[in-house]
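Student: One structure coming up, written as structure tokens, with questions to follow.
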Amino acid sequence: MILTGTILTWIIEIYTVLLIVRMLMSWVPLLIRDFEPRGALAVAFEAVYTVTDPPIKFFDRLVPPVRFGNVGFSVGFIIVFVLLAILQRVVVTIFWR
């Protein structure tokens with residue numbers, strides 16, 4: 001049982017790290033206007049976005065972006081991040097207590 005809990009915890013942690021990497025990657029084009037990933041960096045961008053897009057887009061369809069003037073913030077990203085934190089607590093509670 002502990003092995004299963006450990007594997008699930010690692011999967012959740014890796015996905016959480018990928019979400020943080022995605023957040024940082026989304027800021028790069030805003031900070032560097034002419035940025036266009038090439039080579040290995042383009043592959044890394046594609047991999048991170050491919051893995052993290054489905055749940056974020058799912059929640060973005062359910063909950064529209066929050067508007068602050070002309071800027072819209074994706075609530076889907078925040079929902080996925082919070083759900084991962086809750087899921088991790090549930091896994092810890094089930095497998096280690």
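Student: Working only within the stretch 66-85, note down all residues that are part of a helix (DSSP H, G or I) and hydrophobic (A, V, I, L, M, F, W, C).
Tutor: In the first step, residues of the stretch 66-85 are kept if they are part of a helix (DSSP H, G or I); the result is 75-85.
The answer is VAL75, PHE77, ILE78, ILE79, VAL80, PHE81, VAL82, LEU83, LEU84, ALA85.
Student: Between residues in the stretch 10-27 that are closer than 22 Å to ARG89 by Cβ and residues that are of a type in the set (Phe, Trp, Tyr) and assigned to a helix (DSSP H, G or I), which pairs lie under 6 Å by C-beta distance while being six or more apart or on different chains?
Tutor: That search, which allows pairs on different chains as well, returns LEU19/PHE81.
Student: Looking at the stretch 49-78, which of its residues are within 11 Å of the chain's Cα centre (by Cα) and either aromatic (Phe, Trp, Tyr) or crowded, with 16+ Cβ neighbours inside 10 Å (or both)?
Tutor: Selection gives TYR49, THR52, PRO55, ILE56, GLY76, PHE77.
Student: For the stretch 38-65, enumerate the residues that are of a type in the set (A, V, I, L, M, F, W, C), in a helix (DSSP H, G or I) and farther than 15 Å from ILE20 by Cβ. Spell out how you get there, then give the answer.
Tutor: Quick first cut of the stretch 38-65, residues of a type in the set (A, V, I, L, M, F, W, C) only: 40-45, 47-48, 51, 56, 58-59, 62-63.
Now drop any that are not in a helix (DSSP H, G or I), which leaves 40-45, 47-48, 51, 56, 58-59, 62.
Of everything in the stretch 38-65, those that are of a type in the set (A, V, I, L, M, F, W, C), in a helix (DSSP H, G or I) and farther than 15 Å from ILE20 by Cβ turn out to be ALA40, LEU41, ALA42, VAL43, PHE58, PHE59, LEU62.
Student: Would it be correct to say that PHE81 is under 30 Å from THR4 (Cα atoms), within 14 Å of the chain's Cα centre (by Cα), open to solvent by 70 Å² or more (accessible area, probe 1.4 Å) and not charged (D, E, K, R)? I'd like the intermediate steps shown before the answer.
Tutor: On the way: under 30 Å from THR4 (Cα atoms): yes; within 14 Å of the chain's Cα centre (by Cα): yes; open to solvent by 70 Å² or more (accessible area, probe 1.4 Å): yes; not charged (D, E, K, R): yes.
Criteria met by PHE81.
Student: Go through the stretch 12-48 and count every residue that is basic (Lys, Arg) and surrounded by 10 or more Cβ atoms within 10 Å (Cβ to Cβ). Show your work before the answer.
Tutor: Here is the first cut: in the stretch 12-48, the residues basic (Lys, Arg) are 22, 33, 38.
From what is left, the residues that are surrounded by 10 or more Cβ atoms within 10 Å (Cβ to Cβ) are 22.
Counting residues in the stretch 12-48 that are basic (Lys, Arg) and surrounded by 10 or more Cβ atoms within 10 Å (Cβ to Cβ) gives 1.
The values are calculated or read from the model by the stated rules, or taken from the named source; none is laboratory data. This structure is a prediction, so every number in the text was calculated from the model and none was measured. Neighbour counts are summed over all protein chains in view; Cβ atoms, including those assigned to glycine, are modelled from backbone coordinates with ideal geometry. These accessible areas exclude ligands, DNA and RNA; they are computed on the full protein's heavy atoms, side chains included. Shrake-Rupley method; radii C 1.70, N 1.55, O 1.52, S 1.80 Å.
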